[in-house]
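Engineer: Could you have a look at this structure, given as structure tokens, before my questions?
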Amino acid sequence: MKITIETTLDADVIEQFYDLYVVAFQPLQTNAAARHMLSLGEFTEEMTDPRIEKHVVWDADGEAIALTTLTTDLAAVPWISPHYFVHRYPEHAARGALFYLGYTLVHPDNEGTGVLARVTARIMRRMTEARGVLAFDVCGYNDATHKIGQSVANLSRSLDMKMDRVDVQTYYAATFNGPKKREKVAA
């Protein structure tokens, strides 16, 4: 198993990862209010955007089995506000140490094999060496179901790291049932 950092991916690898991406993000279509699933065109655009690093894990046969996206050019991530992060972390942004982690995908046949741990360790080592800020987003469903935020926070036990929740988006729905019925007053 080896990990490489790619600036762009070939069409066949993109197609392979998009199929995995759809499986991974499908539950969010009905469990998260925000749109999390990219179309094939949007995904392809990300996979060919050289501003976004693709950390790819390859198995012994040369097959791509895991992917993590990471960038220091926050403008490459259309669903976030780069200004928000630069305003809060100006020193990190000025020295290129403000990172955004897009997502991580691991092929189901390789879950529980240490692939995710290896990718995570490499990224955490890079963040530590850069004395960087790693921003990422997690919907409420994934945070509750997979405890992603807590899992990253648990890394602080072995690293000199502090993690803060920096923003929360709350969605509301008001259901209207017609005019309110007036109660009759007894005479």
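The values are calculated or read from the model by the stated rules, or taken from the named source; none is laboratory data. Just so we're clear, the structure is a prediction, and the values are computed from it rather than from any experiment. No Cβ is skipped: glycine too gets one built from the backbone with ideal geometry, and neighbour counts run over all protein chains shown. Each accessible area value is taken on the protein alone, full model and side chains, heavy atoms only, with ligands, DNA and RNA left out. Shrake-Rupley method; radii C 1.70, N 1.55, O 1.52, S 1.80 Å.
Engineer: Using only helices, what value at 222 nm comes out for the chain when you add -39,500 (n - 2.57) per DSSP H run of length 4 or more and divide by the total residues, to the nearest 500 deg cm²/dmol? Each step should come with its number before you reach the end.
Structural biologist: Numbers: 8 runs with 69 residues, N = 187.
Rounded to the nearest 500, the figure is -10000 deg cm²/dmol.
Engineer: Using a 10 Å cut-off on Cβ atoms, rank the peptides 120-128, 106-114, 164-172 from the highest mean neighbour count down.
Structural biologist: 120-128, 106-114, 164-172
Engineer: What is the gain in length, in nm to one decimal, between T7 and H87 on full extension, counting 0.36 nm per residue of separation less the C-alpha to C-alpha distance?
Structural biologist: Net length gain for the segment: 26.1 nm.
Engineer: Tell me the volume per residue, in Å³, of the convex hull enclosing the alpha carbons of region 10-66.
Structural biologist: 92 Å³
Engineer: Separate question: Which loop-located chymotrypsin sites (Phe, Trp or Tyr not before Pro) does region 1-97 contain, where loop means any DSSP state but H, G, I, E or B and the Cβ has at most 13 other Cβ atoms within 10 Å? The partial results should precede the final answer.
Structural biologist: Values: sites: F17, Y18, Y21, F25, F43, W58, W79, Y84, F85; in loops: W79.
Here the chymotrypsin sites (Phe, Trp or Tyr not before Pro) that fit, given the DSSP loop and packing criteria, are W79.
Engineer: Assuming a ≥ b ≥ c are the square roots of the Cα gyration tensor eigenvalues, decide whether the chain counts as rounded (a/c under 1.5), prolate (otherwise, with a/b larger than b/c) or oblate.
Structural biologist: prolate
Engineer: Roughly how many Å² is the accessible area per residue of the chain, as a whole number, for a 1.4 Å probe? Mind dumping the intermediate values first?
Structural biologist: Numbers: 12470 Å² over 187 residues.
Per-residue value: 67 Å².
Engineer: If packing is taken as the mean number of other Cβ atoms within 10 Å per residue, what is the order of 8-15, 177-184, highest first?
Structural biologist: Per-residue mean Cβ counts within 10 Å order the peptides as 8-15, 177-184.
Engineer: Next question. Using +1 on the beta carbon of Lys and Arg, -1 on that of Asp and Glu, and nothing else charged, what's the dipole of the chain about the Cα centre, debye to 20?
Structural biologist: Charge dipole of the chain: 1320 debye, to the nearest 20.
Engineer: Please sort by residue number the trypsin sites (Lys or Arg not before Pro) in region 12-109 whose DSSP state is loop and whose Cβ has at most 14 other Cβ atoms within 10 Å.
Structural biologist: In loop regions of region 12-109 (DSSP not H, G, I, E or B), the sparsely surrounded trypsin sites (Lys or Arg not before Pro) are R35, R51, R95.
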